Amino acid sequence: MTSYRLPGTVRTRKPEETWEALQPELARLGITRVARLTGLDHVGIPVWTAVRPAARTLVTSQGKGASDLLAQISAVLEAAELWHAERTPRVDARATHRELRLPYPMGALPVKVNHPAVADIPLGWTTGRGLSTLRDVLVPVDLISREAHPARPEVFAVTSNGLACGNTRKEAVFHALLECLERDVLHRDHAAGGRYRSLVNPTSVTDPYCADLIGRFLGAGMWLEVVHVSSPYNVPVFAAYIWSEDYPIVFAGSGCHVLPEIALSRALTEAAQSRLTCIAGTRDDLDSHEGAFAAQPGMPELADLPARAWTDCTGSSMDLEPHVDRLLAQVADTVSGVTGHEPIAVDLEESQAYAAVKVIAPGMEMRITRSIPRTKKRHG
């Protein structure tokens, strides 16, 4: 499978081809407008939004990228993810977990209450495919659909974690699995009091694209903190935090990829996107920041964490192949080895335009809230 190395990402199709394939899908997905938000801020990192007025969840979805084209593709695919989450997939079985004798325990899923009795609750199940064995595995339908059912108890804490779209199925699965890994690593670190965090000096970063992103923040007079988060997966995970006097809120972004420069670029661009999303003010679930403007808080101080050189973040035990299918196999096997359970992918759509999947990763944790907690000092 051919792969294209682009600033901040690896894709299986050129951006111009992706956009051409996506345009006929906009109406079906309920997208009425794709708009550029970049100019609302002075940082200059491309951010776009896709608008779905009839959405059952969020009306606006934001996307970022190294160029306007990559950012608008990102916004459309983010909107497509939610469109699929608003629909219930095919139900292949109705039974309890105990009756099905599945290869993972119920407690390895994001159950709201980890009690033995949840294994006896009748549920709808749909078929996914194990990413290591390639065998069919049943997973709960309620982990995929975000539709509300007032008359039915909510067994799981459901988020968009592991939901992804891509040019091909393998590309979508790869990005969904990386998101699951990223959320699990951040959860592990937060639960451990920031024990796995190290500060990275932004000015030491040598990757040209990341250095350009960092230069945009620093050139705009913004405070920037870059953190590397280690984990047993040995896959690079970064978090970035920004603050400025004109909008005195700490905005955050995180990123994960087998290539550290891509992981870092995702963290940096997501932080910029978070700030621009609040500046635009069109997202449905935004918090009010009126108190921050009234209090005029001072610039944050860098966290009291051990330092880590950028050159120490660029190594990996993985044999890095520039092909998405090989990278997917490597990461899937790594996750299976750490958690003891293989991740499972459920196909939601596969067409000439794009593929949509949901990855369920038993044994991995996730962030329930949208925020990325900032650790100021290690604990424990």
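The values are calculated or read from the model by the stated rules, or taken from the named source; none is laboratory data. Keep in mind the model is a prediction, meaning the values are calculated, not measured. Cβ coordinates were reconstructed from backbone atoms using ideal geometry, including for glycine residues, and neighbour counts include every protein chain displayed. Side chains are part of the model used for accessible areas, which takes the heavy atoms of the whole protein and leaves out ligands, DNA and RNA. Shrake-Rupley method; radii C 1.70, N 1.55, O 1.52, S 1.80 Å.
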| remark: Over the chain, the sum of -39500 (n - 2.57) across DSSP H runs of at least four, divided by residue number and rounded to 500 deg cm²/dmol, gives at 222 nm -9000 deg cm²/dmol
| said: Using each residue's phi in the range 29-38, evaluate 6.51 cos²θ - 1.76 cosθ + 1.60 at θ = phi - 60° and report the 3J(HN,Hα) Karplus result to the nearest Hz, with x for Gly and Pro. | reply: 7, x, 7, 9, 7, 10, 10, 8, 9, 3
| Relative to the compact globular guide of 2.2 N^0.38 Å, what is the alpha carbon radius of gyration of the range 184-305, as a ratio? | 1.08
| Reachable lysines from residue 170, criterion Cα separation under 22 angstrom, eight or more residues apart if same chain | 14, 64, 358
| Quick one: which of 352-361, 65-74, 153-162 comes out on top by average Cβ neighbours within 10 Å, and what's the full order, highest first? | 352-361, 65-74, 153-162
| query | Rg and Dmax of the range 1-154, using alpha carbons, in Å: what are they? | reply | 19.6, 57
| note | Counting sequence-distant residues (5 or more places) and residues on other chains, those with an amide H built under 5 Å from that of residue 138 are 128
| field | Segments 297-305, 134-142, 44-52 sorted - mean Cβ within 10 Å per residue, highest first | value | 44-52, 134-142, 297-305
| task | Treat every Asp and Glu Cβ in the range 21-149 as -1 and every Lys and Arg Cβ as +1, leave all other atoms uncharged, and give the resulting dipole magnitude about the Cα centre to the nearest 20 debye. | result | 140 debye
| message | Compute, for the chain, the length of the dipole vector about the Cα centre, with Cβ point charges of +1 (Lys, Arg) and -1 (Asp, Glu) only. Units Debye, rounded to 20. | response | 480 debye
| field | Note, ³J(HN,Hα) from phi for the range 299-313, Karplus 6.51, -1.76, 1.60, rounded to Hz, x at Gly and Pro | value | 4, x, 9, 4, 4, 8, 10, x, 8, 9, 6, 4, 5, 6, 8
| field | Coarse-grained scattering of the range 190-239 at q = 0.30 Å⁻¹, given as base-10 log I(q)/I(0) from a Debye sum over alpha-carbon atoms | value | -1.16
| said: If the only charges are +1 at each Lys and Arg Cβ and -1 at each Asp and Glu Cβ, what is the size of the charge dipole of the range 1-78 around the Cα centre, to the nearest 20 debye? | reply: 160 debye
| request: Return the sequence-ordered ³J(HN,Hα) values of the range 47-63 in whole Hz as given by the Karplus equation 6.51 cos²θ - 1.76 cosθ + 1.60 applied to θ = phi - 60°, using x for Gly and Pro. | output: 9, 10, 9, 10, 10, 10, x, 9, 4, 8, 10, 8, 6, 10, 10, 9, x
| message | Roughly how far apart, in whole Å, are the Cα centres of the range 9-32 and the range 154-181? | response | 18 Å
| field | Choice from 196, 233, 247 with maximal GNM fluctuation in the chain (Cα, 10 Å cutoff) | value | 247
| note | For the range 91-167, shape from the Cα gyration tensor axes a ≥ b ≥ c, cut at a/c of 1.5 then a/b versus b/c, turns out oblate
| request: Compare the Cα positions of 286, 102, 327 along the charge dipole of the chain (+1 at Cβ of Lys, Arg; -1 at Cβ of Asp, Glu; about the Cα centre) and return the one farthest towards the positive end. | output: 102
| Ignoring ligands, DNA and RNA, what accessible area per residue does the chain give at 1.4 Å, in Å²? | 44 Å²
| Shape of the chain from its Cα gyration tensor (a ≥ b ≥ c, root eigenvalues): rounded if a/c is under 1.5, otherwise prolate when a/b > b/c, or oblate? | rounded
| query | Near the amide H of residue 123, under 5 Å away, which other amide H atoms are found, from residues 5 or more places off or on another chain, if H is placed in the peptide plane? | reply | 95, 96
| Check residue 156: other-chain or 5+ apart residues with amide H under 5 Å from its amide H, H built from backbone geometry? | 112
